[in-house]
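Asks: Got a structure here, written out as structure tokens. Questions coming.
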């Protein structure tokens with residue numbers, strides 16, 4: 001018999017972890033709902049043709065393909081390499097993110113949807129990445145997107161959702177960094193090489209990690225001249241508070257329509273007087289974000305500086321996502337929460353409240369048939385009131401029953417023994433402080449088991 | 001451009017459906033929790049070796065296998081048929097049910113678990129069945145199981161969970177049918193052919209569909225003699241209320257230790273004075289249930305007779321599930337809810353309460369920048385109170401904004417126009433009854449948007 005195991009990069013979530021994860025999910029879900037977002041769920045499997053080519057060449061390799069059921073042998077014979085073989089015997093694949101399935105859904109349901117369509121989606125995705133700390137092959141994404149509206153109010157609302165969720169989670173010191181792709185496009189224009197925008201943004205995105213000299217070296221390797229690099233360095237040296245950064249950008253991009261548009265958008269989001277943030281978003285001109293479909297605001301959430309952790313959320317505006325599926329001209333903007341990393345941060349900072357870890361509140365001891373029957377009756381009254389309660393499954397030694405309560409972390413024990421049964425009372429012991437009291441059986445329902 | 005679609009047998013769940021499904025999930029989850037069951041989540045992917053051989057030959061064919069990433073071409077060359085090919089290029093597969101992953105989890109975590117371990121699990125499973133009405137390739141299972149206890153209290157509790165959930169869902173007229181595998185084993189003994197227990201139970205399981213003559217015909221085909229069949233027919237003719245059926249069984253199996261044990265177990269579950277059911281379970285001697293690992297109680301839930309629908313739940317006791325993974329001697333008992341079918345029944349009987357279908361309660365109209373800013377401020381106050389609210393994304397024509405409210409089914413509209421802004425009031429219109437009133441802006445927070 002082989003010792004059972006689970007696939008690399010996947011995890012079992014036991015009771016304690018599920019409860020804490022659900023606390024995060026519930027906080028995010030409640031916030032999405034209160035902001036008027038609507039839930040969507042798409043299948044775990046998509047047609048391979050829906051996913052292929054949407055995540056770049058590297059992404060395509062990481063998609064988990066599902067083997068067709070039935071006869072595949074004959075078909076497989078025509079293959080000349082691994083890639084061809086896969087395409088001959090597999091027509092479905094596991095969801096790789098929530099954005100592409102959402103775009104596919106919008107296109108399929110375009111005639112029924114009330115626009116703007118504000119949807120949220122909280123489901124697992126699968127990627128064949130090499131597993132590492134904080135990187136799994138199955139993990140959850142929690143996304144909120146708005147499609148069918150160009151209004152910057154949506155950007156404001158999405159930033160407020162981040163603000164609300166992280167405030168509720170008690171994650172003080174987290175940072176909301178924003179930038180605008182139009183600013184980065186204007187920079188490439190200023191350099192005189194708009195076609196090199198991606199090269200430029202990829203390099204400056206690394207400023208945090210490799211420093212100014214590193215960035216300059218990389219820009220040179222990518223074919224930019226010293227004069228080009230001087231312009232970029234000048235741009236990267238802009239600093240100060242948000243208002244001051246915006247003012248410097250206004251001057252730098254005085255002659256760029258694209259730049260002015262980007263500045264105007266950032267100004268609206270930060271200063272239009274709609275939102276009052278608990279944590280004000282910070283303009284970060286080095287923020288680029290990898291996905292090429294962003295065209296306006298980009299945003300990234302950083303964990304509090306005391307925790308070593310990459311981004312715990314991000315998003316932005318994309319102008320033409322559904323165009324991939326034949327419905328052009330629908331703009332969208334969205335954000336995503338990295339729940340697995342948020343979990344790790346919460347754990348490290350000990351932010352989970354006790355309520356997120358509660359299971360059974362009361363264990364009724366099993367002290368023989370007649371006593372247990374009475375205990376069962378009282379237990380059902382507590383349950384009807386919503387209090388999680390259990391009766392020990394058998395008339396075992398007191399010691400064994402108490403051990404179970406301790407191992408499970410159950411805070412109260414209710415004792416219905418022979419003498420209690422006679423007197424129509426019940427003893428309640430608080431295992432946290434050791435106090436025990438005897439009350440009338442009828443009064444049990446009024447005990448606050450907090 | 002190919003019109004996008006989703007794989008056969010899978011479904012998108014739009015907002016209305018997700019909310020109703022969540023209502024069912026939440027009702028079941030709350031009940032599991034209050035009964036002291038603990039949540040578990042296992043990965044969508046299991047090692048193929050964990051799943052293969054656990055669901056019979058037919059089941060093996062329906063398991064969705066995941067293609068290994070990377071180079072598969074060379075390995076594939078050694079295959080001589082489809083089955084071999086699949087095993088050479090696939091080492092993972094999608095979860096087929098929740099029971100086997102649970103058993104695998106228990107074995108892997110046997111030293112940490114407090115026994116009895118009462119777990120619940122609500123996750124999708126995948127099967128390559130031919131799609132049909134009510135049969136999907138991706139569907140949810142909601143299971144509760146207890147392992148590590150032989151006590152019949154567990155059976156009682158699980159039946160009470162069914163009783164509680166279906167009562168809460170308002171599903172009047174549903175039936176809880178129970179039987180005991182030991183009774184069926186005793187019948188096979190009585191016939192003198194204990195080795196034919198499976199043949200006998202498979203046949204009598206069909207009594208509903210093919211009638212007594214059909215069953216007799218099938219028994220004959222399976223090699224039972226006329227004398228054997230007479231004994232079985234006699235057994236199947238036992239009828240009456242639970243107490244009367246038990247009495248007749250006592251006489252029939254007077255000399256069978258197995259039979260007496262089965263009767264004793266059923267008697268305990270029905271009459272031990274622990275449970276008080278809203279809907280009393282009904283003894284059904286023809287109930288057999290397919291899965292061979294059951295050894296004691298078996299249970300099946302039937303939808304109200306007015307709805308044409310197969311079983312909407314089922315379960316039973318199994319004596320040695322974890323033995324499959326090298327940990328023998330751990331008894332278990334469990335039940336399962338068929339959420340997709342329960343959804344269909346609830347829909348047909350119109351049992352979903354309004355609360356299960358609520359989304360945004362209030363739409364604030366967008367009547368220009370200054371008005372919208374004030375509206376936004378008031379909206380954020382409602383949201384902080386937990387009331388789902390939206391501000392229309394742009395200053396569009398009133399008509400367009402009202403259309404959005406109607407299409408989304410939003411019951412209230414809040415109007416902050418120029419005159420309201422001047423007077424520091426706000427107009428609230430109930431779209432259901434058409435009534436509109438003007439209140440002070442400060443009073444909005446106290447309005448009950450139900």
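Throughout, read-outs are computed from the coordinates displayed, never taken from laboratory work. If you're wondering where the values come from, they're calculated on a predicted model, not measured in any experiment. Using ideal geometry, Cβ is built from the backbone for each residue, glycine included, and neighbour counts are taken over all protein chains shown.
Asks: Against the longest alpha carbon principal axis of chain B, how many degrees, from 0 to 90 and to the nearest 10, is the axis of helix B:153-168 turned?
Replies: Between the helix axis and the principal axis of chain B, the angle is about 40 degrees.
Asks: If you don't mind, another one. Using only DSSP helix segments of four residues or longer, with each worth -39500 (n - 2.57), what per-residue ellipticity at 222 nm results for the protein assembly as shown after dividing by its residue count and rounding to 500?
Replies: Result for the protein assembly as shown, helices only: -12000 deg cm²/dmol.
Asks: Something else: Give me the one-decimal nm value for the distance between modelled label points at residue A:74 and residue B:448, 7 Å along each residue's Cα-to-Cβ direction.
Replies: Each label point lies 7 Å from its Cα, and together they span 6.9 nm.
Asks: Under the Kirkwood approximation applied to all pairs of distinct alpha-carbon atoms, what is the hydrodynamic radius of the stretch A:64-202 in Å?
Replies: 19.7 Å is the Kirkwood radius here.
Asks: Relative contact order of the stretch A:281-347, please, whole-number percent, based on alpha carbon pairs below 8 angstrom and at least 6 residues apart.
Replies: About 26 percent, as a whole number.
Asks: Mind pulling the angle between the C-alpha long axis of helix A:226-236 and the longest principal axis of chain A? Nearest 10 degrees, somewhere in 0 to 90.
Replies: The answer is roughly 40 degrees.
Asks: Hey, what did chain B get for relative contact order, percent, Cα under 8 Å, at least 6 apart? Spell out each step's value before the answer.
Replies: Details: 689 pairs, mean separation 64.7, N = 450.
Here the relative contact order equals 14 percent.
Asks: Bin all alpha-carbon pair distances of the stretch A:365-442 at 5 Å intervals from 0 and give each bin's fraction as a whole percent.
Replies: The percentages, shortest bin first, are 3, 16, 27, 29, 21, 5, 0.
Asks: Turning to a different aspect of this structure: So for the pair residue A:254, residue A:423, with labels modelled 7 Å out along Cα→Cβ, what separation do we get in nm?
Replies: About 9.1 nm, to one decimal.
Asks: Hey, fewest Cβ within 10 Å first, where do A:130, B:341 land in order?
Replies: Ascending number of Cβ neighbours within 10 Å: A:130, B:341.
Asks: Right, something else. Given 37 °C and 0.692 mPa s, compute D for the protein assembly as shown with the Stokes-Einstein relation, Rh being the Kirkwood radius over Cα pairs; round to the nearest whole µm²/s.
Replies: Numbers: Rh = 31.0 Å.
The estimated diffusion coefficient comes to 106 µm²/s.
Asks: Convex hull over the Cα atoms of the stretch A:286-332, averaged projected area in nm²?
Replies: It is 3.9 nm².
Asks: Could you please tell me the mean projected area of the C-alpha convex hull for the stretch A:331-397, averaged over all directions and given in square nanometres to one decimal?
Replies: 8.6 nm²
Asks: A further question follows. Say a label goes 7 Å from Cα toward Cβ at residue A:450 in every copy; what distances in nm does this one have to the rest, shortest first?
Replies: Nearest to farthest, the other copies are at 2.3 nm.
Asks: Ignore the peptide's own chain and count Cβ atoms of other chains within 10 Å of each Cβ in A:86-94; give me the average, rounded.
Replies: 4
Asks: Provide the percentage of antiparallel DSSP beta bridges, counting only those with both residues in the protein assembly as shown; round to the nearest 5. Intermediate values should be presented prior to the final figure.
Replies: On the way: 101 of 121 bridges.
Bridges in the protein assembly as shown are about 85 percent antiparallel.
Asks: Please sort B:382-395, A:237-250 by packing, taking for each peptide the average over its residues of neighbouring beta carbons within 10 angstrom, highest first.
Replies: Details: B:382-395: 18.9, A:237-250: 14.5.
Highest to lowest by the protection proxy: B:382-395, A:237-250.
Asks: log10 I(q)/I(0), Debye, Cα-only the stretch A:296-450, no solvent, q = 0.09 Å⁻¹?
Replies: Result of the Debye calculation: -0.52.
Asks: For chain A, count all C-alpha to C-alpha pairs, find those more than 44 Å apart, and express that count as a whole percent of the total.
Replies: Numbers: 31112 of 101025 pairs.
Percentage above 44 Å: 31.
Asks: Could you tell me the extents of the stretch A:257-296's C-alpha atoms along the three principal axes, largest first, rounded to whole Å?
Replies: Extents along the principal axes, in whole Å: 30, 24, 16.
Asks: Pairs of alpha-carbon atoms within less than 8 angstrom and 6+ residues apart define the contacts here; what relative contact order does the stretch A:18-117 have, in percent?
Replies: Across the stretch A:18-117, relative contact order equals 32 percent.
Asks: Here is a follow-up. Put a point 7 Å out from Cα along the line to Cβ at residue B:115; what are the distances to that point in the other copies, in nm, shortest first?
Replies: 6.1
Asks: Report, in degrees rounded to the nearest 10, the 0 to 90 angle that the Cα long axis of helix A:398-408 makes with the longest principal axis of chain A.
Replies: Once rounded, the angle reads 10 degrees.
Asks: Using a Gaussian network model of chain A with C-alpha springs under 10 Å, which one of A:415, A:335, A:210 is most mobile by mean-square fluctuation?
Replies: For chain A, modelled as a Gaussian network with Cα springs under 10 Å, the answer is A:415.
Asks: Hull surface divided by four, with the convex hull built on the Cα atoms of the stretch B:205-310: how many nm²?
Replies: The Cα convex hull of the stretch B:205-310, projected and averaged over all directions, gives 8.4 nm².
Asks: In whole Å, what are the Cα extents of the stretch A:117-262 along the three principal axes, biggest one first?
Replies: Cα spread of the stretch A:117-262 along its principal axes, largest to smallest: 47, 39, 32 Å.
Asks: Starting from the Cα of residue B:282, step 7 Å along the direction of its Cβ; do the same at residue B:394; then give the gap between the two resulting points in nm.
Replies: A separation of 6.0 nm, rounded to one decimal place.
Asks: So between residue B:407 and residue B:11, what do we pick up on full extension, going 0.36 nm a residue minus the alpha carbon distance?
Replies: 140.3 nm
Asks: Further, regarding this structure: List the distances, in nm and shortest first, from the label point of residue B:238 to the matching label points in every other copy, placing each point 7 Å from Cα along the Cα-to-Cβ direction.
Replies: Spacings between copies for this position, smallest first, are 8.5 nm.
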